[in-house]
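See below for the structure under consideration.
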Ligand SMILES: Nc1ncnc2c1ncn2[C@@H]1O[C@H](COP(=O)(O)OP(=O)(O)O)[C@@H](O)[C@H]1O
Ligand SMILES: [Mg+2]
C-alpha cells in the first residue's frame, strides 16, 4: 500500500445454520461492483461441529459451554481469515476490515423477550489477525425492534437489482430466504425467511444413511413425494405467517421433523421422506414468491442448495414462468454471496452507513450495525484518508 492510498479490501466470514464450513472471502470494493479476489472454505473441527449441531434449543447448553464455544468459534473464525489471507497472497495492511457473522446459537426474534445470539468472539479475530473486525451485526437491528434478519437484502439490492426486470434472490442455506428486488426503485425492498432450505435434508440423510449431505439431490430424487406428508408439513403456521419473519435451525429442527414423522404414523421409505422434504422447500419458496412477489420474472439462487439438482428442478417445476439461474450470472458465484455480503456490511458500518432494511426486518428505523473491534494495524498504519 502506498502512503495515503485508499484501502478497499475487506474480508467476509460466514458460517450459516448448516454448520458445513466457514466461508471466507476477500473482496475489493473499489469499483462499482464488488470484486471477489479470493475465497476459502474452512472446515469445522469434527468435535466442535458435533457439539454445535447437538444444541437445538438454548436450554440445552450451559453458560460454561456457551462461553467456551464462543472462544473456540472465535479461534476458528480467525484461522479461517488467516488461511484465506495466506491463500490470497494479500498483504494484511491492504485489508481494511473483517466482517464476521459468527455462528448463530439461537434466534428467537418473536415473543416478549426477543433475542438472537451469534458466537465467535470478535476480540480473538481482531487479536489474531491484527485486522479491525466488525461483528454482532444482528442485535442492533433487533434493538431497533427488528427481527435481526435477514440482513443480506440491502446488499442484494445494491449489487443485484435491475431497473428493467423484477428479480428475486434466493439463498438456499440451511434455512431459505428470499429478497424481492422490484425494478421500480420507489418500491421497497422486501425479504424474509421462507422456511427450511437444506437443513432438514441434511438432518434426514444423516439420520437415515449417516451422510452429511444428499450430493446433488440424487438420493432424494430416487424417492417419490408423499402428498399426505407434504400437506401435513405445509400446515405448519410459519408458512402462512405474514412477513416480516425469520426462523432458524432451532425451529425447523430434528425435533420438528421427528414429531411430524411420528404424527404421520406410517413408516415411509426414507428416500420418500427426503423427496417430500425437498418438495416442501421448493413449494414453500414458490408459494412465498407467488404471495409476496407475484411479478417476479427472474430468480437468482445462491447458497449450497444451488448444487442440489432436486431443489433446482423443483423450483423450475413450481415456477414455470420464471427464469431460474444462479447469482454467478450476476457476477458472484453462488457459494460466496453471503460471505461477500458480510464484508460489505462491515464496510457500511465503518463508513457510518446503515446496514438494515427496516421494510425487511421490521425495525423502526435504519441503524448502523455491529460492534467494531479495532485491530493492531489500525493503531500502527492507518491515517484518516482511508477508504
Ligand atoms: N453438491 C451438493 N449437493 C447437494 N447439496 C449441497 C451440495 N453442496 C452443498 N449442499 C448443501 O448446502 C449446504 C450448505 O449451504 P450453505 O449455503 O453453506 O448453508 P449455510 O449458510 O446454512 O451454511 C450443505 O449443508 C448441503 O445441504
Ligand atoms: Mg455454510
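The values are calculated or read from the model by the stated rules, or taken from the named source; none is laboratory data. What you are looking at is a predicted structure, and each value in this text was computed from that prediction instead of being measured. Every residue, glycine as well, gets a Cβ built from its backbone with ideal geometry; the counts of neighbours run over all protein chains shown.
The table below gives the values:
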{"read-out": "Sole residue being touching a helix residue (DSSP H, G or I) at 6+ places or on another chain (Cβ under 6 Å), on the phi < 0 side of the Ramachandran plot and not in a strand (DSSP E or B), chosen from 81, 67", "value": "81"}
{"read-out": "Residues of the range 40-52 that turn out to be free of Cβ contacts under 8 Å to residues at least 24 places away in the same chain and either under 18 Å from the mean Cα position of the chain (by Cα) or part of a loop (DSSP other than H, G, I, E, B) (or both), as a count", "value": "1"}
{"read-out": "Count - residues of the range 203-249 that are more than 16 Å from ligand 1 (Cβ to nearest atom), in a helix (DSSP H, G or I) and surrounded by fewer than 20 Cβ atoms within 10 Å (Cβ to Cβ)", "value": "10"}
{"read-out": "Residue match in the range 170-183 (condition: surrounded by fewer than 19 Cβ atoms within 10 Å (Cβ to Cβ) and outside any loop (DSSP other than H, G, I, E, B))", "value": "no"}
{"read-out": "Condition broken by residue 59, with the remaining ones in (1) away from ligand 2 (no atom under 16 Å from the Cβ); (2) at pLDDT 95 or above; (3) assigned to a helix (DSSP H, G or I) satisfied", "value": "(2)"}
{"read-out": "Candidate set: the range 124-159, residues that are assigned to a helix (DSSP H, G or I) and touching a helix residue (DSSP H, G or I) at 6+ places or on another chain (Cβ under 7 Å); chosen: the one farthest from residue 381 (Cα to Cα)", "value": "153"}
{"read-out": "Complete set of residues in the range 257-274 that are without any contact (Cβ under 8 Å) to a residue 40 or more places away in the chain and at negative phi", "value": "258, 259, 260, 261, 262, 263, 264, 266, 267"}
{"read-out": "Within the range 5-39, tally of residues that are away from ligand 2 (no atom under 16 Å from the Cβ) and in a loop (DSSP other than H, G, I, E, B)", "value": "10"}
{"read-out": "Residue ranges of helices (runs of 4 or more DSSP H) in the range 263-368 with at least 3 members buried (at least 23 other Cβ atoms within 10 Å of the Cβ), assigned by TED's automatic domain parsing to the domain that holds residue 109 and within 16 Å of ligand 1 (Cβ to nearest atom)", "value": "337-350"}
